[in-house]
Structure formats: structure tokens, C-alpha cells
Amino acid sequence: MITARAGADVLMTREGYDRLRRELEALTTTARSDVAERLRAARDHGGNPAENGELMDAIDEQSLLEQRISALETRLASARVVAAAGDGTAGMGTRVRLRSRTAGIVEYELVGAGEADPGGGRISIDSPVGRAIAGRRPGETIEVETPRRVRRLELLSVEPVETGAGLAQAA
């Protein structure tokens, strides 16, 4: 999770921003209501609160829920949505196809750090590969220093990602 400094922009794609807004909406409505009902039911059982495991679990769940809501509100408040430049260069909001000798052809969507999901085909623009290909055009060969070795990649294509058409769909 990204921790935003006061006044620092959190860069993200439109899809990532919309996904976080939907999550926040679900947490502040449905999830809060569900936890409140669970708390009421646990309190109705009475007894010593310290010995009421259901109540203690519901209180813990409420605390975690409120922490997540607070983190999302902070992140969204400092979010800056970045769209693809549209000039044919790799950057946030673009889908890139790369060729390497070891991995063959791979396809990634370049996203903000908090949206990355390498297994889902979404890599951070701040990752070693993301930094190396940012601003590059198809046909260029790029060397990327990774923890194990220097990788040589050929940038095959760069396309803007249409909103909602990302490689990893929101749940």
C-alpha cells in the first residue's frame, strides 16, 4: 500500500482511481452496515464484554474496516490521474509488448505503484522495467538492471489503454 506524504501526489490510472472509489463506496455503505449489524447482534448476547468473543471479533473487524476506509480516503485525496501521453511513447496508462531472450514476448500495462499486479500483467512505472521503458518508442532496445542481471528487452509496441479495458479487471 502507498503511504502518501502530505501534499504528495499519488499517480494512478483512471481505471485504478475508479477501482479505489468503488471499493471505498462499498466499504462505507455495505461493509459498515454489515459490521454495525454484527456489533448489535454480539452486544445483544450480553455478558462480560471481555468474555464475549463475538463482540471482540466484531470490534476488531470494525477497527480494520475503518483503517482501510481512512487509507483509501487519504490515497484518493492525493491521487492524480495520469492518462497515456498519446504520442507513441511508453508511460502510465499504456500497454507495452516486450521481447526478451529468456521470457519471449510479454505484455504489460504500465500503472502507478499502488496499482501494480505483475501476475495480472500490470507493472509499476516505478519498477526497474517501468523506469527503463518510460518515454521509449517501439523498436528501441532497452537494458534493464535487475537484482540478478542486466536484461535486454526490445520494445515491440506501445498502445494507450482504454478505460476499463486493462489487463487486470476490477473485481
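For this structure, a couple of remarks:
- Kirkwood Rh, Cα atoms: Rg over Rh of the stretch 10-81: 1.16
- Sparse-neighbour loop sites [trypsin sites (Lys or Arg not before Pro); the stretch 17-111; at most 11 other C-beta within 10 Å; DSSP]: Arg101
- The chain: calculated mean residue ellipticity at 222 nm from DSSP helix runs of at least 4, using -39500 (n - 2.57): -11000 deg cm²/dmol
- Beta bridges per DSSP with both ends in the chain, % antiparallel, nearest 5: 75 percent
- Hydrodynamic radius by Kirkwood, which averages 1/r over all alpha carbon pairs of the stretch 94-160, in angstrom: 11.8 Å
- Counted residue by residue at 0.36 nm each, then reduced by the alpha carbon distance between them, the extension gain from Arg40 to Ala103 reaches 17.3 nm.
- Rounded to whole Å, sorted largest first: equivalent-ellipsoid semi-axes of the chain, Cα gyration tensor: 42, 17, 14
- Residue-wise HN-Hα coupling along the stretch 109-121, computed from phi with Karplus coefficients 6.51, -1.76, 1.60 (Hz; x: Gly, Pro): 9, 8, 9, x, 4, x, 9, 4, 8, x, x, x, x
- Fewest-first ranking of Glu66, Glu109, using other Cβ atoms within 10 Å as the exposure measure: Glu66, Glu109
FYI, it's all coordinate maths here, none of it is from the lab. What you see is a predicted model, and the numbers here were worked out from it, not measured in a lab. Note that we place each Cβ from the backbone using ideal geometry, even for glycine, and neighbour counts take in every protein chain shown.
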